[in-house]
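The values are calculated or read from the model by the stated rules, or taken from the named source; none is laboratory data. Computed from a predicted model, the values in this text were never measured in an experiment. Using ideal geometry, Cβ is built from the backbone for each residue, glycine included, and neighbour counts are taken over all protein chains shown.
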Amino acid sequence: MLTHIADALPLVLTWHMAAVILASSAFGLFVGAVPGLSATMATAMLVPITFFMDPVPAIAAIVTTAAMAIFASDIPAALVRIPGTAASAAYIGDLNALMRKGQVTRALGISVTASAIGGIFGSLVLMVAAPQLAIISLNFTSDEYFFLALLGLSAAVMLGTGSILKSLMSLAFGLMIASIGMDTTSGYPRYTFGMTSLLDGVAFVPALIGMFAIPELIRTFVNRDVVAPVAPVGNPLRMFTGVGRLLWRSKVNLLRGSGIGTIIGILPGAGSDIGSWISYAVSKRFSKTPEEYGKGSQTGLVEACAANNSALSGAYVPAMVFGIPGDSITAIVIGVLYVKGLNPGPMVFLTSGDMIMAIFLVFLIANLLIVPLGLLAIALSSQVLRVSKLTLAPLILGFCIAGSYSIDSSASGIVIMLVLGVFAYLMEENGFPVAPAILGIVMGLLVERNFVTSLIKADGSILGFFDRPIAVGLACLVLVVWITPVVLWWNRRRARVSA
Amino acid sequence: MKLTKRQIMGGLALLASSLALPATAQDWPDGRITLIVPWGAGGGTDATARIIGTLLQERVGVPVAVENRTGGSGVIGHAAIADATPDGQTIGVATLEIGTMHNLGLTELDYTAYTPLGLYNSDPAAIFVNARSDFADIGGLLAALEDAPDRQFKGSGSAQGGVNHLALAGMLMAAGMPAERVAWVPSEGAAPGLQDLAAGGVEVATASLPEAAALMGAGLIRPLAVFASERLDIAPDVPTFNEATGHDFALGSWRGLVAPAGVAPEIAAQMTEVLGEVLQDPQYVSFMTERGYAMQWTTGADFESFMMTSDAALGDTLRAVGLAAQ
């Protein structure tokens, strides 16, 4: 571990990396601050650029962009009541209430510092836990991987917002897309209609770019949101007066928010938006003054801001160790890692431990940079908020096309991006969440391959899945995830009947 | 304008060089070179092709663009090389799969679609067991396999019909056992198969030594024998299958530089010569040594007959394991 840090430092402390981190910080802050552009979309737009980079700077760019975007989305949430990304939606009421009370600098001061502290907490957990988990997971066979992937898919459906049935349908759509292409175990082509470009399946990066970016682009044209002009925030240095004392008083909230955020991040399929919703709810539940929540609660703000940035780091634990994405951003990161030859899994910790540690160090740096660069972004926010999304749309579309083409230099990527993008728009307009479909595309093959592999090893017997203790433990976890919603539903029904 | 003697001399020299141009224009290269790689960026074939591309560009002074044309289990890239204009400006890396793809029925394409330039690498497969396994040597393993019923032992290391699958099946057949004595558990590439071996999911795995280096270094798996005609420099302690068992069998993945069929022989000869010089470059040698890739340069007709033998052997093995298309 420690030797890896020594090897990793020369990879991180270079002028090239400094330039990459600063440029992607600026990019992330900008995209985060423009209302309605998500951190995932910022990541998708980075994909074509990362093709020209070495592995460590490429992932560093994504990590920095996402961390900055998640923080910066609090700025429009506070100033114009439109969250920059979904991760700020949980506590938008509090941000805006503080703004109306004339305490906008205080609100953003809390957001900057709590985001940075939560992010650093998550990064430290990642640095310590991931290599340990990787050593354990070297003993995982296809049995354990099957249950892990199944757990991920189940969590994606059960933890999502909205109806479980719609999430399930969305997941099934993703799994259907994943089954296109050569069946990896028998080598038989499925649903390719004789097209060689589909033989290796629906290329996953173009699919992700399309499903995240295209719906937002279409909505830009359909809705034509007008953002009201905002007054400059004033001297941003005044933000920090009294914040230190507040953070010390709410240290329990800070710790609990970071902890919950990290755990939600580690769970496959749930990212920073769900992390901030859940920790905000927990904070309200245990608060002595729950009536303040939604009306300018500063402790609630501390907890949820810490949670969404720590979830961002937590999501990299399963992504790096098992190749199972913790959220939609890491789903894209996994695609980029494969292109760079750093195939995620326990092996990469053995073969490229220094690069992995370098990526983890970037997490720390990016979260530390939130404080100075965040100040700058807040100072400039009145200018950024004036940028019209409509003017950005052609640029974004250009990036999407370049990104889907560059993955294997073929136009089929562009077609996949556009078709799935339009489909994702139709899904979202009808209340179907897109995230389960994405996870279906990313993990469908993982589930299938490990299922078939385990069946072959056990000569077709299902009992073979329960031969190994860790596999049995994971199977029980899956059962818990399946049964809990049913039990909750049953309890609610009984309560209603008896009432 | 007054011409000085020096200017006149310079002009004459320029004229002479422009007169000489048509003669060199028939030489190779005539402008930008494209080097097609049928496998993804970041893999072993891509890494070797990129260093050859960079050094070739330095050597001949024209841009060399490395293009990854992936997909279709290698069909798309191999076809792109074969379909290019045979003027020497497009070359590519052909790999062992050129002998399996048409036998699997994925394409009509085989080695005859190319002008062979030279074989620059072949990494023999080796057979591995878990470090905690009871098998001390390959003889012990073969004896246990001899006594075991079909499909009791499980093996992994590549996709169905991939090179490592064929290596294991070929080994069994060379030792006089049916190919289905070991049930093949397909994996996507060598790394997941070897990891499954380390985790105790399968009893044996086949892969090349560079592919297994990380897990061998971690002390989790150990090689029993290598399917080569002589011991390898990178692992002098590992016996060859032949010396340890007396059965004759060798197989490994290989990578060679090819051009589309129909390149004029004198241009092909020139290309082979220049590429041969590039492969002497110390930068290339240290890269290959560092990664543990074996080096060689088998050119022209020798490379062609190598591909022919490889093709026939792979066809036989695929038919034996029941994967060959009708």
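Filtering the stretch A:338-354 to residues that are under 22 Å from residue A:204 (Cα atoms) and more than 8 Å from chain B (Cβ to nearest Cβ) leaves A:344, A:348.
Per this entry, residue B:198 is counted among residues that are buried (at least 24 other Cβ atoms within 10 Å of the Cβ), facing another protein chain (nearest Cβ under 10 Å) and touching a helix residue (DSSP H, G or I) at 6+ places or on another chain (Cβ under 8 Å).
Residue-by-condition table, conditions (1) over 28 Å from residue A:343 (Cβ atoms); (2) within 24 Å of the chain's Cα centre (by Cα); (3) not aliphatic (A, V, I, L, M):
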position	(1), (2), (3)
A:442	no, yes, no
A:453	no, no, yes
A:458	no, no, no
A:462	yes, no, no
A:467	no, no, yes
A:473	no, no, yes
A:481	no, yes, no
A:487	yes, no, no
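Considering the stretch A:194-219, and only residues there that are assigned to a helix (DSSP H, G or I) and within 14 Å of chain B (Cβ to nearest Cβ), the residue that is surrounded by the most Cβ atoms within 10 Å (Cβ to Cβ) turns out to be A:206. Taken over the stretch B:163-195, residues that are within 9 Å of chain A (Cβ to nearest Cβ) and either out of contact with any strand residue (DSSP E or B) (no Cβ under 8 Å at 6 or more places or on another chain) or not aromatic (Phe, Trp, Tyr) (or both) amount to 10. Is it the case that some residue within the stretch B:114-131 is touching a residue at least 24 places away in the same chain (Cβ under 8 Å), part of a loop (DSSP other than H, G, I, E, B) and outside the structural domain of residue B:49 (by TED's automatic domain parsing)? The answer is yes; a qualifying residue exists.
Could you tell me whether any residue of the stretch A:383-400 is in contact (Cβ under 8 Å) with a residue 24 or more places away in the chain, within 14 Å of another protein chain (Cβ to nearest Cβ) and surrounded by 18 or more Cβ atoms within 10 Å (Cβ to Cβ)? Among the residues of the stretch A:383-400, not one is in contact (Cβ under 8 Å) with a residue 24 or more places away in the chain, within 14 Å of another protein chain (Cβ to nearest Cβ) and surrounded by 18 or more Cβ atoms within 10 Å (Cβ to Cβ), which makes the answer no. If you go through the stretch B:34-75 and pick out every residue that is more than 16 Å from residue B:89 (Cα to Cα), hydroxyl-bearing (Ser, Thr, Tyr) and more than 12 Å from chain A (Cβ to nearest Cβ), you end up with 1. If you go through the stretch A:139-178 and pick out every residue that is surrounded by fewer than 19 Cβ atoms within 10 Å (Cβ to Cβ) and within 14 Å of another protein chain (Cβ to nearest Cβ), you end up with 1. Being under 30 Å from residue B:143 (Cβ atoms) and free of Cβ contacts under 8 Å to residues at least 24 places away in the same chain is the filter here, so list the residues in the stretch B:238-278 that pass it. B:240, B:242, B:243, B:246 - these are the residues of the stretch B:238-278 that are under 30 Å from residue B:143 (Cβ atoms) and free of Cβ contacts under 8 Å to residues at least 24 places away in the same chain.
For every residue, the table says whether it meets (1) within 13 Å of chain B (Cβ to nearest Cβ); (2) more than 18 Å from residue A:210 (Cβ to Cβ); (3) crowded, with 17+ Cβ neighbours inside 10 Å.
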| position | (1), (2), (3) |
| --- | --- |
| A:403 | no, no, yes |
| A:425 | no, no, yes |
| A:440 | no, no, yes |
| A:446 | yes, yes, yes |
| A:469 | yes, yes, no |
| A:474 | no, yes, yes |
| A:491 | no, yes, no |
| A:494 | no, yes, no |
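Only one entry in B:80, B:94 is over 30 Å from residue B:201 (Cα atoms), within 14 Å of another protein chain (Cβ to nearest Cβ) and either under 16 Å from the mean Cα position of the chain (by Cα) or assigned to a helix (DSSP H, G or I) (or both), namely B:80.
Reported count of residues in the stretch A:38-64, each being assigned to a loop (DSSP other than H, G, I, E, B) and buried (at least 24 other Cβ atoms within 10 Å of the Cβ), is 1.
Report yes if some residue within the stretch A:144-162 is touching a Gly at 6+ places or on another chain (Cβ under 6 Å) and modelled with pLDDT of 90 or more; otherwise report no. Among the residues of the stretch A:144-162, not one is touching a Gly at 6+ places or on another chain (Cβ under 6 Å) and modelled with pLDDT of 90 or more, which makes the answer no. Counting only helices (runs of 4 or more DSSP H) wholly contained in the stretch B:208-325, the ones carrying 3 or more residues that are crowded, with 20+ Cβ neighbours inside 10 Å occupy B:209-217, B:265-278, B:300-320. Considering only residues in the stretch B:132-156 that are touching a residue at least 12 places away in the same chain (Cβ under 8 Å) and part of a helix (DSSP H, G or I), the one that is farthest from residue B:252 (Cα to Cα) turns out to be B:146. Would you call residue A:353 in contact (Cβ under 8 Å) with a residue 24 or more places away in the chain, closer than 21 Å to residue A:133 by Cα and touching a His at 6+ places or on another chain (Cβ under 6 Å)? Yes; evaluated as a whole, the condition is true for this residue.
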